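The block underneath contains the structure these notes are about, expressed in structure tokens.
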Amino acid sequence: MTDRFVEVPQQIVPDLQRRLDESLAQQAATAELLKLISRSTFDLQTVLETLIQSAVKLCGANRGSIFLREGDVFPLRAASSTTPEFLQYWAANPPRAGRGSATSRVIASGKIEVIFDALADPEMEMPTNSLKNIRGTLGVPMLRDSQVEGVLVLTRPEPGPFAQSQIDLVQTFADQAVIAIENTRLFDEVQAKTLDLGESLQQQTATADVLKVISRSAFDLQAVLDTLVTSAAQLCDANSGIIWLRKDNLFHAGAATGFSPEEMGFFRDNPRSIHDKSLAPRVLRSRQAEHIPDRSLDPEFAFPGMSGLPSSMLGVPLLRNDGVEGVFTLGRVNVAPFTPRQIELVESFADQAVIAIENARLFEAVQQRTRELAQSLDDLRTAQDRLIQTEKLASLGQLTAGIAHEIKNPLNFVNNFSSLSAELIDELDETLASAPLDQKMRDDVSELTQMLKSNLEKVVQHGKRADSIVKNMLLHSRGGSGEHRSADVNAIVEDSLNLAYHGARAEKSGLAITLRPDFDPDAGAAELYPQEITRALLNLISNGFYAATKRKIESGDESFEPVLTASTRNLGKTVEIRIRDNGTGIPPEVREKMFNPFFTTKPTGEGTGLGLSMTHDIIVKQHGGRIDVETEPGSFTEIIITLPRGNGTAAGSKPE
């Protein structure tokens, strides 16, 4: 069998070889482009520049451009082999849908547009000088969901169409560009969401930290406000922050961060008026967040006396029951507006600040109410103790009075018959004087009668002493007399001082003592039993007279001057009375017992030991006051009486 050979014309082989080379070159370029896209997935500019350079090279073009959508216009994003004039023209005239250029036609039609000769096309709007270099033009749309996202344009300096294979290649490149754009968009979205998530997580963490501080320092408002303003400044990249708290018509800096000690001192000394032109009053008036992106562009803002003010500022109200309790402000040194998310975060922190302020207010109200209830309870207990003491005193008084009355009758009998017996002894002596007795018998009788008379005198003396004790027991046992009313303290002390002095002068005509009254004009009045307080003061003043006079007698110093000082002083809810003498003073062992009933250091017949006991009962038990003693043996004694002005207890006193 004979082989048959088909003779191929020699001109076809080079053409086939050329097409094969072009195809291989296109495949190689496409492969390189795909590698680049895979390596530079999120570097869109590099992909676009490589893509347009490859398209220009493979399609025999002299210039290439890629335009991407931005709203209604398509700015130039990548170019190859262009001139500065070309770039300037498209920068000033970004294409949009129309007929003035290949790009505009693709935008309008959404299809491939081929212009055989741009110079001869009457609809072309580009300058003639530019058209001389871009006569043959190819425009290919970059489509996504049937919408033109961009346009890839190639031009030649000579007229004529592009080959179909070149058009197909450019279409492939356009599709790859759309893929790269979509990948970049998705990557940007993921990055944005990641950043958003990271920022949100950071904010949530900070909010959780703030809530922990609030829970741990629920009633330490300053710690909460400090944490809030510091956290807000850090999370919002602010250089400074202040929480202004409103008090009437002024804003005071409750907490701040990012300021020097001098600036903090300025804020403390210069609270902001609600009527000035700073940020806090503006928020008060609008009752919503106020954002100043650039202070230099805000002619209404003013902050007198403060330099180095922030350029960008944010103010958020602290709202409670539709009222502005304060303002949360942040500032940035450089112009950098706050984002909506940051504003939302500060609003959240402002709400936490309001909660903390309200918690502190409620806590303080509860504490105040607790203190009031505790004081009421103490007052009730004091009143109860005084009622119980009054009942005890009343019962004891009745018992004492009964005993005293029972003792008084036989005591009167003893006293009367002792005096009568003394008189009978005198009569016996007169009778025996005429009796016939020898001298020895007369001397014995006289000795016996004198002894009997001496004994009876002692009985009379001690009887009188016992009678005085009984009288004081009766006085001590009686309840509070007189009316409980408001009385002038200075008047009572002055009257008591005069009564005691004139009474002592009447009892001892030679009494010489200097009185030094020192009354506080603001001593005022107190609710008390004037008659009983006068009794107590008379006892104390009389004791002072006795001690000062005794020191003069015992010292034998004629130059010594007995002095007694009576003074008053206003102590607000209480009033103080002081009785001071320059007498013998009180030894420590006597001071411990001086208010005990029947205890006295005076000689027999001069004291019953009931005066200071009655005084203590009147001051402490009857009036809820206190009585203190300051003394130095051989130098002075000062009795300090503290009386409540109302139906309470003197501060620091413990009624017994």
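The values are calculated or read from the model by the stated rules, or taken from the named source; none is laboratory data. Values in this document were obtained by computation on a predicted structure and should not be read as measured data. So basically every Cβ, Gly included, is an ideal-geometry build from the backbone, and we count neighbours across all protein chains shown.
A few remarks follow.
- Matching option when the condition is touching a strand residue (DSSP E or B) at 6+ places or on another chain (Cβ under 9 Å), modelled with pLDDT under 95, over 21 Å from VAL47 (Cβ atoms) and acidic (Asp, Glu), among GLU125, GLU113: GLU113
- Any hit, segment 34-48, residues being exposed (fewer than 15 other Cβ atoms within 10 Å of the Cβ), at pLDDT 85 or above and under 25 Å from ALA163 (Cβ atoms): no
- For VAL140, the criteria (1) part of a loop (DSSP other than H, G, I, E, B); (2) buried (at least 24 other Cβ atoms within 10 Å of the Cβ); (3) at pLDDT 90 or above hold in every case but one, which is (1).
- Candidate set from segment 248-265 (those that are of a type in the set (S, T, N, Q) and touching a strand residue (DSSP E or B) at 6+ places or on another chain (Cβ under 9 Å)); member that is nearest to ASP220 (Cα to Cα): THR257
- Any chance THR600 is at pLDDT 85 or above and more than 19 Å from ALA487 (Cβ to Cβ): no
- Meets criteria (acidic (Asp, Glu), within 18 Å of GLY463 (Cα to Cα), at pLDDT below 75 and in a helix (DSSP H, G or I)) for GLU423: no
- Pair list, Cβ < 9 Å and 6+ apart or interchain, from segment 634-656 residues that are under 16 Å from ILE577 (Cβ atoms) to residues that are modelled with pLDDT under 50 and among the hydroxyl-bearing types (Ser, Thr, Tyr): THR642/SER653; PRO644/SER653
- Of all the listed residues (ILE586, ILE618), the sole one being modelled with pLDDT under 90, touching an Asp or Glu at 6+ places or on another chain (Cβ under 7 Å) and among the hydrophobic types (A, V, I, L, M, F, W, C) is ILE618.
- Pairs, first more than 19 Å from ARG535 (Cα to Cα) in segment 487-516, second aliphatic (A, V, I, L, M) and assigned to a helix (DSSP H, G or I), C-beta under 6 Å, six or more apart: LEU511/ALA504; ILE513/ALA548
- Residue in segment 518-535 that is among the hydroxyl-bearing types (Ser, Thr, Tyr), in a helix (DSSP H, G or I), modelled with pLDDT of 85 or more and more than 27 Å from LEU411 (Cα to Cα) present: yes
- Taking the criterion of being closer than 22 Å to GLY323 by Cα and assigned to a strand (DSSP E or B), the residues of segment 257-274 that qualify are ARG272, SER273.
- Residue among ALA360, ALA336, ALA353 that is modelled with pLDDT under 90, in contact with a strand residue (DSSP E or B) (Cβ under 7 Å, 6 or more places away or on another chain) and on the phi < 0 side of the Ramachandran plot: ALA353
Conditions (1) surrounded by 20 or more Cβ atoms within 10 Å (Cβ to Cβ); (2) assigned to a loop (DSSP other than H, G, I, E, B), marked per residue:
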site	(1), (2)
ASN543	yes, no
GLU554	no, no
GLU558	no, yes
GLU561	no, yes
THR568	yes, no
ILE577	yes, no
ARG580	yes, no
GLY583	yes, yes
LYS593	no, yes
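- Against the numbered list (1) more than 22 Å from ASP617 (Cα to Cα); (2) at pLDDT 80 or above, ASN490 comes up short only at (1).
- Across segment 304-336, the number of residues qualifying as among the small types (Gly, Ala, Ser), surrounded by fewer than 18 Cβ atoms within 10 Å (Cβ to Cβ) and part of a strand (DSSP E or B) comes to 1.
- If you filter segment 314-332 down to residues that are out of contact with any Asp or Glu (no Cβ under 9 Å at 6 or more places or on another chain) and modelled with pLDDT under 90, you find that the one that is nearest to GLN234 (Cα to Cα) is VAL324.
- Total residues in segment 339-381, condition farther than 27 Å from LEU314 by Cα and of a type outside the set (D, E, K, R): 13
- When residues of segment 143-179 are limited to those that are of a type in the set (Val, Ile, Thr) and within 19 Å of SER104 (Cα to Cα), the one surrounded by the most Cβ atoms within 10 Å (Cβ to Cβ): VAL153
- Of all residues in segment 143-169, those satisfying the criterion of being assigned to a strand (DSSP E or B) and of a type in the set (D, E, K, R) are ARG144, GLU149, ARG156.
- Contacts under 9 angstrom Cβ, first residue in segment 49-69 being without any contact (Cβ under 8 Å) to a residue 60 or more places away in the chain, partner in a helix (DSSP H, G or I) and among the small types (Gly, Ala, Ser), 6 or more apart: LYS57/ALA25; LYS57/ALA29
- Among the residues of segment 57-86, those that are assigned to a loop (DSSP other than H, G, I, E, B) and either under 60 Å from the mean Cα position of the chain (by Cα) or among the polar types (S, T, N, Q) (or both) comprise ASN62, ARG69, GLY71, ASP72, PHE74, PRO75, SER81, THR82, THR83.
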